[in-house]
1. Compute all pairwise cysteine Cβ distances in the chain, then list the cysteines with no distance under 4.7 Å to another cysteine.
2. With the Cα gyration tensor of the chain in hand, give its eigenvalues times 5 under a square root as the equivalent ellipsoid semi-axes, listed largest first in whole angstrom.
3. Please name which of 313, 337, 371 has its Cα lying farthest along the dipole of region 308-407 towards the positive end, using unit charges on Cβ (Lys, Arg +1; Asp, Glu -1) and the Cα centre as origin.
4. Using label points projected 7 Å from each Cα along Cα→Cβ, tell me how many nm separate residue 275 and residue 377, to one decimal.
5. Just want to confirm a number: the relative contact order over the chain, from Cα pairs under 8 angstrom separated by 6+ residues, in percent.
6. Over what distance in Å are the Cα centres of region 299-377 and region 61-123 separated?
7. Estimate the FRET efficiency between residue 171 and residue 398 by the formula 1/(1 + (r/R0)^6), using the beta-carbon distance for r and 51 Å for R0, to the nearest 0.05.
8. State the answer as a single residue: which of 32, 91, 195 lies farthest towards the positive end of the charge dipole of the chain, with beta carbon charges of +1 for Lys and Arg and -1 for Asp and Glu, about the Cα centre.
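None of the figures in this text is laboratory data; all of them are computed from the coordinates on show. Note that this is a predicted model, so its numbers are computed, not measured. Counting neighbours? That spans all protein chains shown, and the Cβs are built from the backbone with ideal geometry, glycine included.
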Amino acid sequence: MKNWMQKAEGRSTDMNHLQLKYNLVQIAFWAASCAICAFIAIFLQAKGLTNTQIGTVTGGACILNIVLSPYLSGLTAKFNKISLQSFIMAGMAVTVIGYLLCAYVALPVIALMVVYMVTYCVNISMVPLIASISMNYTAAGHEVNFGLARGLGSITYAICAVGLTQMTTIFNPMILSVIYLAGVAVFFAVLLTTPKTYAAGSEKAKGGNLIEMAGKYKSFFAVLVGFAFLFTAVTSLATYQINIIKNLGGTEAIYGISVFASAATELPFMAMAGRLQKRFSAMNLMAAAAVCYIARNLLIAYAPTLPLMFLGLMLQGASYGLMTAVITVYVTDNLESQDQVMGQTMISVLTCGVGSCLGNVLGGILQDTMGIDVMFFFTSLVTLIGAAIIILTVAASNRLIIRRAHKSYQM
């Protein structure tokens with residue numbers, strides 16, 4: 001099997017401060033991505049799109065991600081002489097061009113929707129590849145704390161959200177595309193300092209496709225299905241968070257603070273996920289995160305005041321933060337090496353793809369046709385379904401482990 005790191009030249013030098021370098025990769029990526037991810041509604045509303053059109057754009061991007069992410073995963077394995085860093089840089093260059101076109105070229109509405117759709121899709125398709133870099137380092141014996149790095153990315157995202165909110169109240173929201181360009185340039189500079197990594201490739205042991213992976217790793221897939229339901233609710237609430245805030249009497253300035261409050265809580269949970277996994281099983285931790293999702297989403301949906309809504313947002317770390325860190329590392333610990341990039345891709349497809357698609361499209365349609373209260377009912381229902389799937393899957397997995405242990409003891 002081809003090693004994920006070609007050539008050992010300069011390894012001792014390359015591996016110096018590896019954790020710091022990967023931390024900076026996550027920080028730079030999420031700082032840049034904040035300008036395109038956190039301000040979808042504000043940017044597209046400024047371009048004259050309705051809630052339904054915004055939902056269609058982001059939902060369409062998520063549908064496209066269902067196809068693009070596995071395709072990219074396959075490309076990294078097929079052309080495994082090209083580093084993951086090179087794939088990521090090519091993808092991010094496409095997003096810069098697309099975002100600038102959306103901002104400063106007078107496109108027809110349909111063309112604007114399509115270009116933004118592709119731009120947003122390519123951006124979120126980079127997430128599993130960036131995660132795979134960390135997993136590859138760890139697999140080669142150079143341990144990198146993914147949770148810490150991803151958590152630092154979240155806190156950076158939160159800080160940038162506050163600053164960018166103030167800028168969009170002073171300047172035209174189109175400035176977000178220029179800020180994104182600058183952020184991606186910094187991201188490139190940081191990414192180039194990291195040792196190159198390559199997707200595993202082998203003629204004898206090829207990674208499976210999504211359907212094969214679902215059958216091969218049944219518990220993992222079941223948890224991802226539950227996560228997709230949870231993400232559907234989260235996406236509806238997050239994409240239209242500005243509308244929720246205004247419904248409670250808030251302003252766009254409050255929106256920036258709300259994004260910060262939500263994302264800032266992810267760091268401690270992501271950073272300590274590794275330690276928690278030494279004391280508790282990954283499955284049990286994901287069940288705990290599912291319970292926290294229930295509290296988070298219901299508080300945001302039914303909070304009568306802004307302070308209570310903020311309380312719900314601050315459960316982001318115990319829900320999304322913990323779930324993301326644990327399930328990402330779960331892939332490395334439990335999936336075969338040739339399946340790991342596709343495993344990371346499955347996380348992206350079922351959450352950022354299926355979950356985000358349903359959340360964006362249905363959230364926008366329900367708001368425009370039946371009102372925000374109906375959207376809240378929808379998000380509550382899918383939250384309970386998703387949490388139930390995860391909890392039942394974990395319970396079944398635990399029972400299986402106990403049975404195996406009992407049979408082993410009897411023998």
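1. So far as the 4.7 Å Cβ criterion goes, 37, 102, 121, 292, 352 stand without a partner in the chain.
2. 32, 27, 19
3. Of the options given, the answer is 337.
4. 4.5
5. Once normalised by length, the contact order is 28 percent.
6. Comparing the Cα centres of region 299-377 and region 61-123, I get a distance of 21 Å.
7. Taking R0 as 51 Å, the efficiency between residue 171 and residue 398 is 0.45.
8. 195
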